[in-house]
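Worksheet: one structure, shown below.
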Amino acid sequence: MTPVELDLHTHTPHVSADYRGPVDTTPRSIVEAAIAAGLGVIAVTDHFSVGYVHQMVEAARVHAQESGAELVVLPGVELRVSWRDDEVHLVAIFPPESYQACFEELAHTFGIDERMLEMADLPTVRLHAHPCMVAERVVKMGGICHIAHVDRWFGTYRLLDAQLFDELVGCPAIAALDVIDPANVAEVERRAPGVAVISSSDAHSPDEIGRRRATLWLEEPSFAALARALGAGARGEASQMDAPPIAGWQREHARRE
């Protein structure tokens with residue numbers, strides 16, 4: 001086992017309108033920024049798309065060949081999930097060998113054909129379902145699911161203050177809770193015993209990568225080792241929700257980023 005620095009929530013220029021980095025940002029420059037930040041693993045988690053993952057994986061492979069400095073790139077996606085009056089941002093990380101099929105299956109569950117969406121629509125896609133059900137579907141595909149920035153304020157709303165937060169911490173499919181402010185870690189740990197508490201950058205530019213990160217003891221820097229370390233999906237039986245798990249989706253024009 002060795003300590004590995006990970007950033008499990010990052011964005012790329014795939015959706016230019018949602019990216020704050022330089023217009024000439026490339027997969028190579030993102031890889032170099034991550035390595036310079038001391039990271040061993042990053043998850044590429046654009047809004048409702050895995051379209052940039054292959055370029056990132058290839059850039060990391062070439063960089064490792066040329067320099068010897070390795071970076072493991074994990075495929076993922078950020079999902080905006082709406083339930084009643086609450087909104088949760090889930091980060092799904094998929095097995096590298098099947099990420100495209102996993103994402104397509106997840107989208108199909110909601111009746112979404114990504115090919116029919118404009119690029120600018122991707123950050124506005126909002127799923128209507130109980131977040132635990134969405135996370136359980138990710139885990140059944142072999143993936144890992146964590147909740148992004150549970151303590152982030154969206155106007156006057158914060159998931160950490162919502163009743164839904166306490167429902168979600170009991171969901172076995174939620175592998176970790178992502179916290180922005182270290183001052184909130186103690187509260188999250190108290191309310192979510194047994195659930196990993198991590199931090200991630202939610203980077204929208206190369207200079208933001210690794211500004212927040214997690215340090216985990218892993219057998220190796222890989223998806224499988226990460227899943228084992230987080231005990232993904234292993235905290236008990238699947239939950240049984242009375243409400244229907246899937247209620248559809250929509251594009252959101254006035255959105256929470």
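What follows is calculated from the coordinates using simple rules that are stated; it is not laboratory data. Being a predicted model, the structure only gives us computed values, none of them experimental. Methodologically, a virtual Cβ is constructed for each residue, glycine included, from the backbone with ideal geometry; neighbour enumeration extends over all protein chains shown.
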**OP:** Please tell me if Leu127 is closer than 27 Å to Val15 by Cα, assigned to a helix (DSSP H, G or I) and within 19 Å of the chain's Cα centre (by Cα).
**Re:** no
**OP:** Could you please find all residues in the stretch 111-136 being surrounded by 18 or more Cβ atoms within 10 Å (Cβ to Cβ) and not aliphatic (A, V, I, L, M)?
**Re:** Pro123, Thr124, Arg126, His130, Pro131, Cys132, Glu136
**OP:** Please find, among Thr26, Thr10, the residue that is surrounded by fewer than 23 Cβ atoms within 10 Å (Cβ to Cβ) and either among the small types (Gly, Ala, Ser) or touching a helix residue (DSSP H, G or I) at 6+ places or on another chain (Cβ under 9 Å) (or both).
**Re:** Thr26
**OP:** Take Glu97 and decide whether it is in a loop (DSSP other than H, G, I, E, B) and of a type in the set (Asp, Glu).
**Re:** yes
Original post:
Of the residues that make up the stretch 171-184, is at least one within 30 Å of Pro22 (Cβ to Cβ), touching a Ser or Thr at 6+ places or on another chain (Cβ under 8 Å) and part of a loop (DSSP other than H, G, I, E, B)?
Top reply: yes
**OP:** Scan the stretch 52-74 for residues that are in contact with a Pro (Cβ under 6 Å, 6 or more places away or on another chain) and under 14 Å from Ala33 (Cα atoms) and jot them down.
**Re:** Met56, Ala59, Val72
Subject >> Condition met for Arg84 (touching a residue at least 40 places away in the same chain (Cβ under 8 Å), basic (Lys, Arg) and more than 19 Å from Leu230 (Cα to Cα)) >> reply: yes
